[in-house]
Every structure is written in structure tokens, then in C-alpha cells.
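See below for the structure under consideration.
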Amino acid sequence: MAGYASLFTGGSEVPREREAPPPPPLYRILLVDDERNVLSALKRVFRQENYQVETAASGEEALTLLNQDEFQVIISDYKMPSMTGAELLRTVKAQHPEVIRIMLTGHADSGAVMGAIQEGAVYKFILKPWNDDDLRVTVGLALEQYDLIRRNRALQRENRQKSKEIQALSRMAVTHRSRLGVLLHKKGLLNEQQLQQLYKLQQSGKESTIKLLLDKGWVGEKEIRQLLRKELLIEEVSLPEFQVEPAVTELLPHSFCKRQLVVPLKLVGRRLMLAVADPLDEGMLEELRFVTGLEIQAVMAGTAAIRAKLEALYGSDGATPTIEELESLVSSSDPFESVEVVIEQDEDTSLEELLQSTEEPPAIRLVNAIILEAVRLGVSDIHIQPRTKSVVVRYRIDGVLLDKIHIPHALFPPLVSRIKVMAEMDIAERRRPQDGRITVKTPMRIVDLRISSLPTITGEKVVMRILDRNASVRSLDDLSFSSDDRDKVAHLIAKPQGIVLATGPTGSGKTTTLYSLLQHNANPTRNYVTIEDPVEFFLDMAGQVHVREKVGLDFPTALRAILRQDPDVILLGEIRDFETAEVAFHAALTGHQVFSTLHTNSAVATIARLLDLGLKPYVIASALEGIIAQRLVRRVCDACGEPVAADSAQLLHLGAPFAGNIDHVRQGHGCARCNYSGYKGRLGLYEVVAVDDELRDLISARATMRELNRHVASRSASLREDAYAKVVAGLTTPEEIIRVLGTAPGGGTEQIGREPT
């Protein structure tokens, strides 16, 4: 991107005190318009740029020039005789798909123009009269995209070549010369006939000796490993204790490791430590020495441990992001997803270096790989955190943060700069927090990323929240409510006015619950409006407003405007302050049904929080219809969950009703489906409080928290009681309840009451 610094500023680049960069490529631009004066004006826009500009007075002439020479960009007017700009650009897309297509239009048919855009025939469309600077920036970004796609295609060709090399490598170690069979025969563990059959199988197939032995069941794996330890003093390692660097895993392809049962562990100098199931396979080890050019230090590990480690390192299927996925991430061919970068240049040298660093392939590939892997694993948040020795990428999976990728510090600055450019953040500002947003398109999903950067003493920490555009709204029956709570919630939704609040910490599923309430009794006779920051689910039946505080569209302003739009049901993303709370509660008092969220620890604490915001007690008592306090806990994996004896000391810490009432709990022991965590997915814990007349009297009279708690406890199941029911049902574990709700008062430490974020 540094090569286009002049396009953003209108001036020439500042030469560096380094070796001279290679001359920039000569770009060819084709301008098409039936009016000569327009063509002349367009040529003047680019007179100071290093472009070769050609002109054509019609679509037919433009196609002739495109067939004769190579062009990178075509800019066409829409309204032309015989062939319109939309028809021309569709033809160019079909015949020359690599050319970036831009349309100029003044009073053209908007339907035809939008049709061309939706078909992908137009990269960008610009209204007449155009702004010269905007047009130069647009062309500069278009050329950047052209170069990026061209490099991706070159990378794709290189990837195909590398794939052939990897396949060749994967076919190498097929002539096994393992001494394992001979050793077992000498020790009387194999007879003569079995040894002969083993040799025949080795010659006819590509399987390793150890795999053939285990498949036949002639000798147990424990006996083999014990023999190798005693007779040959071969070192055996525990694979879970090894933290393998990503660079080491790239030394050998996943398919080879999986078939030959080997795992690269660490590289010290020119010596590669390799965990193998058969350390006596000299043929395979010699070929690895030849191919890698490294000394091989073979250590022994069990086959099950090797397979588990391979899945942890390479993934369950060993899939890596394809070139098409990478191109869909960085390409902006869809004009609705295009990003325009506006840069205010304060420090020329540092800014230029940052821009150049964002274009380096490692930074681009690294960002793509981080995002694609997160999408594949179903991650909710990505944390990129600089530490003393390295930069770690952490994924929040099912509410728990896990360290997944370690990055050298040298790659951290271009990585952060790349993310900031994609999110339209100020890459020159590294001293204050910033927020941004990225839309990522893959062949399978479209996700929005909310970006937040925070300066720390070790560097900028970046957190990306992933919001899935394709996520469907869950029905009320899918939210794991108990039957009593399900009936209470259905009764709350049926009321035509009043406010229902979902409460809990960040990431506890409050918005998911509200959308389920919104959609439960939805019908076309009512007007639904949502106000969020940002919009997390997409509903065609609702008018959805995305809050933009930078332009003055905050929650109170949007809510007041919505009240003039005759709404029946309002979903308010969050009540943050008195002004928002006042408008929301008065809307509930004047005949509207309002759903919203609040950050509190319990249902009763919600009332105290509303009073703390400044609302009058009688307003709260009159408008509030219900409170749903909730948390999310991990669900026990259906594939590997099995009953185990309950830990009585652990249950004692959880207090009533857990202590002394549970003999067995269901727990997952770990499998490939749950990534060996024992948990797969999450479910909710709920406390549903329906506001009755007695509770309204208590609120109006400013009753104490003790009185409110006593009344609510007599009519509603608490979060801890709902958690008990779900542990008894085998849906989750006591460890999860302690992690999310903490220990009970008197049963251990103080109740924590919220999930770590």
C-alpha cells in the first residue's frame, strides 16, 4: 500500500534513505464516454499520475482496445448509445474478469445500475459530477485490489506447485526398513509365519510396521514400548507437555505425519526432535533427514497420543485456508462491502513505513489465517495480546479463553497495522484506545468483526468480537428454560405493553434471549423496531437501527425518533444511563412493549440498579413487567459424556441444594468432536421474575434488598436452583457452575456472580 501513498495525498512519495525501490509498474486505464469533453476532463484528473490513459467513445471501441492491450481499470459512463455502461461492464467481466470496473452515472436508470452492481459487474459506481480527489483515491484503491488479486493468483499457482511437492514428500516413506518385526521375533512375541506375513504386507502397501502390527493385534502397544525402553533404552515422552511452535509444524505436512504416526516437537539449531510410534523405522528416518536437511532426534510416544497431538496442532481434518477463502477476505469486489481508507498524515516517515508493512504478505496471510481459523472453530472473541516473550492469539470458545497461536514480536506491528487498515482505524495513533469494524466474507459465512485496540505497557492489545450475520434467531423452546420459567416468559411476552429486562454480564446471551422473545409471537400486524450497537441478528420483519455515536445517533436520540414511527414492539440493545432508561420506561408506560438489557448480577439487583440510575420508584413499579437474569455455562459433550462419581467437597462449596443431594454427575472425558475439552456448546441458566402487585408495592415503598430477595425467592427459582436442575439432568457439571456462579455464601468464598470476560 505504500506504493500508493501519492494517491492518498495527491503528492509524490518521500524518498527513503535506503536502497532505491524497484520502479512502480505502469498501469493502463481505459476511459469510455460518448462525450469528448467528459473524456478530456477525466484525462486531466490523472495527468499527474504514472498511468497510461486510453479513451474510447463507445462500448464497441472499448472492447476492441481491451482485446488488443492489457488494462487494469476501466471507467465507463452509463448512458451511451447502442451499448450502455452496464452492458459494457458485464461483457468486460465475462471476457476480461481481471479488469477492475468502475461506472460513472448522472441521471441513469437506478434499477439497471443496481442490477449491474448486484451482478458483480461494477467494482464502484461514482455519481456525476465527480470529485477529482475521490476519483483518484478510488482508482488507487482499485489498482491496489488488482495487484492483491494478482498476487493471490500467483500464490495459488505456487500453492499448487507446493501441493505437488507435498504429495511427493507424502509418498516418500513407503519403503519401510523397520527392525521392529525382527526384534519382536527374537523375543518370541512374533512367530515365523507372522513375521513373513508382516514382510509381505510391507511390500504390498504403504503402511508403517507399527500400524500393521497393531491392526493385526499380534502384539500389544504397551508391550512394544516396554520392550523398546528396556532393550534399546529409547526415550519416551509425554506429548501433552510439549508446546509446539507453529513454525515447527510447517516442517512436515499433516498427511505425512498422520500416515507415518510422527509429530515434530521442537527444533534446536539443526536438530529436529520427532516423536514417532516406531523409532526403529530407519528407512523413514533416513528419508526425513534427506528431505528436511536436519538431524533427526527420534523419541517414542504412543499412537493414541500422537494422533491426539496431530489433531491439536493441525486440526481434526488438517484443513488450511484456501486461496479462494483468502481472496474473499481481502477482496472488495462487492461494492456494498467496499472499504475506503481516509488517512490524515502527521508523521510522514512512520506512516509510510506502517503503510508498507501492512502490504507485506506475512501480515496479510497471518490476519487471514487468524480470522479463518476463528470462524472455523466457532470462536466468539479473538484476543491478540503482546507478552514479554511473544505475542499470543487467544480464542474464546464456549466462553473460555484458550491460547492458540504464538507470534514472534517482529510480526506484531504489521499485524496490528493490517487490522487497523481493514477496520478504518487510525494506524498512526498508538497511544489511545480505538474502535472499528470489519465485514469478513468466506464461501460459507459472512461475519462482522467489532475491533477494539487498547494501549498496554507491552504494546497494543487488540480484541475482535465475532458476530455471525447468518446466525438464526433461536426459538423460545431452544433456550433451555425450565417448564415453569418457559410459561412465565410466554406470559410476559403476551402483554401488549411494559418493559422486560434481560440481565447479566457481557457475553451471557442476553441479546439472543431478547430476539427469541421478539420473534415468539411476531406477526405482520405489528411494527417492530430494534436499536443496537451493533446489530447482532438480522430480521426482515423489523426496522433495525445501528447506533453511531460519532455522528450523534446515540441510544436516547434513536429511541426518541423511533417513538415517532408508531412502533408496537421496541428492542433496545442496552440501558446505559439515566437518559436512555427514562425514555425506555416512559415508552413502556405509554403503550409500547419494550425489551432491553442491563448489566447486573441478579434479578433483584436490577431494581437497585434502576434506582441508582435515577428512575423514580413508581415509574419502575408501573412499567416493569419482568426480569430474566441469566448466565451461560458449557454443555457436556454428547459424544463422550458419561456418569462419574460426584465430588462431595465440590458440592459442599456449591451449597444448597447441591450438598448431599447428588451422587453422580455427567462429565465428558474428551474426544475429537469436542476438541478434547469434554464440553461442546453452551446452555443458559435462568432466573425469571414476573412482577406482581406485591412486588410493585415493595418497589414503590423502596423496600430493602432483604425484603425484595425474600419475596422473589418465594416465587421464582434462583440461578443456583436452575443450575442444580441442569447438573442433575446431566447437561453441565459442578465445575462449570463454580466457574460461572462461584461458590455459595457460607459454602466457600463469596459468590462471584458473573462469568469471566
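The values are calculated or read from the model by the stated rules, or taken from the named source; none is laboratory data. Keep in mind that this is a model prediction, so the values were computed, not measured. Note that each Cβ is placed from the backbone with ideal geometry, even for glycine, and that neighbours are counted across all protein chains shown. Keep in mind that these areas ignore ligands, DNA and RNA; they rest on the heavy atoms of the full protein, side chains included. Shrake-Rupley method; radii C 1.70, N 1.55, O 1.52, S 1.80 Å.
Quick notes
- Dipole size of region 207-246 about its Cα centre, with +1 on Lys/Arg Cβ and -1 on Asp/Glu Cβ: approximately 220 debye, rounded to the nearest 20.
- The ellipsoid equivalent to the alpha-carbon distribution of region 627-757 has semi-axes of 32, 16, 12 angstrom, derived from the gyration tensor eigenvalues as √(5λ) and listed largest first.
- Fraction of accessible area attributable to carbon and sulfur, region 389-493 (%, probe 1.4 Å): 52 percent
- Rounded percent of accessible protein surface that carbon and sulfur make up, region 531-592, 1.4 Å probe: 47 percent
- Over 19 Å (Cα to Cα) - which of Lys211/Lys309; Lys43/Lys128; Lys461/Lys510; Lys309/Lys461; Lys211/Lys680; Lys266/Lys680 fall in this group: Lys461/Lys510; Lys309/Lys461; Lys211/Lys680; Lys266/Lys680
- In this structure, the amide hydrogen of Arg682, modeled 1.01 Å from its nitrogen in the peptide plane, lies closer than 5 angstrom to those of Arg635, counting only residues at least 5 positions away or on a different chain.
- Averaged over residues, the count of other Cβ atoms within 10 Å places the peptides 68-81, 570-583, 415-428 in the sequence 415-428, 570-583, 68-81, highest first.
- Region 514-614: antiparallel DSSP beta bridges as a percent of all, rounded to 5: 5 percent
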